[in-house]
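Taking it in order: structure first as C-alpha cells, then the write-up.
The values are calculated or read from the model by the stated rules, or taken from the named source; none is laboratory data. What you see is a predicted model, and the numbers here were worked out from it, not measured in a lab. Because the Cβ atoms are built from the backbone with ideal geometry, glycine has one as well, and the counts that use them run over all protein chains shown. Accessible surface areas use protein heavy atoms only, side chains included; no ligands, DNA or RNA. Shrake-Rupley method; radii C 1.70, N 1.55, O 1.52, S 1.80 Å.
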Amino acid sequence: MAERQFTGKHALAVFVAAFGVIITVNLLLAYNAVKTFPGLEVKNSYVASQEFNDRLQEHKALGWEIRAELSGGLLVLHITDKAGTPVEVAELQAVVGRATHVKDDFSPDFIFDGQAYSTPASLGRGNWNIRLVAKDHDGAEFAQRVPLFVKG
C-alpha cells in the first residue's frame, strides 16, 4: 500500500475550509444582528443633531422627571414636575421594547389616574426601554428613553 503524503494541495484545502467556516459564521452572525436590531434611533442624524439644543432647552424648561416601574401586572410611568407633583400631559406616545431587538416592541395605551400613567403589561425578565414622547398643553415636546429592568 502506498503512503499518502500531505502536499501543498492538502494544506490549501485545509486553509480554505477553515477560513470558509470562519467567514460563513461571521456573515451569519452579522446578518442576524442587523435583522434583530436595525440600530436606527432617528431617521436623519444630522437634522436631529441640529435640533438637539432646542429640544434640550424645552426639556429643561418643562422640568419633568420620568420614572417607570412594573407593579402587579401594570407598567406604571410617573411623570412629575420640578416640585414633584404628578403631571397630566396633553399627549403621550410610547414604544416599549427590549434593549437589544425590536421583535417584542409594542405601543401601549397609558391611562392617567391622577397620580401616574399605567397600562397592563406582561414583561419578561431583563432590560427594557420605554421610548416616549410627551407633549404639554402648550405643545412643548418631551422625548426620553426610560430604561426599566425587570427582575425574575
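Among the residues making up the range 100-116, those that are β-branched (Val, Ile, Thr) and assigned to a loop (DSSP other than H, G, I, E, B) are THR100, VAL102.
All of VAL96, VAL89, VAL102, VAL133 fail the test of being surrounded by 16 or more Cβ atoms within 10 Å (Cβ to Cβ), β-branched (Val, Ile, Thr) and within 18 Å of the chain's Cα centre (by Cα), apart from VAL96. For the residues SER118, SER45, SER49, the requirement of being of a type in the set (Ser, Thr, Tyr) and under 18 Å from the mean Cα position of the chain (by Cα) singles out SER45.
Counting only residues that are open to solvent by 30 Å² or more (accessible area, probe 1.4 Å) and touching a strand residue (DSSP E or B) at 6+ places or on another chain (Cβ under 9 Å), the range 68-82 holds 9 of them. Among the residues making up the range 117-134, a single one is at pLDDT below 90 and not in a loop (DSSP other than H, G, I, E, B): GLY126.
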